[in-house]
Amino acid sequence: MKKQLLVTVIALVPAMGFAKVSDFNAMIADNMKEQNQLHSEVKNNVIEARDTARERIVIVENESASYNAPTRKDLLAFKKEKKNYAPSQKQEFERLANEIHLSDE
C-alpha cells in the first residue's frame with residue numbers, strides 16, 4: 001500500500017509540473033493576444049488623430065498690459081557667440097562713462 005501511494009505521488013509530481021507549464025504557456029499566449037490587440041487599437045487611434053483636422057485656438061488679450069522679464073544676453077546666443085563675444089569700443093566707453101558718472105553722484 002505504501003509503495004502504491006509513493007508511486008502515485010511520484011507520478012503526480014511531474015504531471016502537476018506539466019500542468020503548471022501548460023497554464024504558464026496559456027498565460028503567455030493570452031498576454032500576446034491582448035498585446036497585439038492593444039497595439040492595433042493604439043495604431044488605429046494614432047491614424048485617426050493624424051487624419052482629423054487640428055483646431056487652432058488664438059488667445060487675444062484686450063488689455064494693453066505688457067509683461068517684461070529680465071533675460072541675459074547670452075541666453076539666446078549661440079555657443080560660438082558666447083565664446084567670441086567682445087563689446088565694441090563704443091560700448092566700453094559708454095560703460096566706463098556711466099561708471100564714472102555714477103561714482104561722482
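Kindly provide the set of residues from segment 11-50 that are open to solvent by 100 Å² or more (accessible area, probe 1.4 Å), aliphatic (A, V, I, L, M) and either at pLDDT 75 or above or under 34 Å from the mean Cα position of the chain (by Cα) (or both), ordered by number.
Across segment 11-50, the qualifying residues are Met27, Met32, Leu38.
Asp74 versus (1) modelled with pLDDT of 75 or more; (2) in contact with a Lys or Arg (Cβ under 7 Å, 6 or more places away or on another chain): which is the lone unmet condition?
Single failed check for Asp74: (1).
The values are calculated or read from the model by the stated rules, or taken from the named source; none is laboratory data. What you see is a predicted model; the values in this text were computed from it and never measured. Every residue, glycine among them, receives a Cβ derived from its backbone with ideal geometry; neighbour counts consider all protein chains shown. Accessible surface is based on the protein model in full, side chains and every heavy atom, while ligands, DNA and RNA are left aside. Shrake-Rupley method; radii C 1.70, N 1.55, O 1.52, S 1.80 Å.
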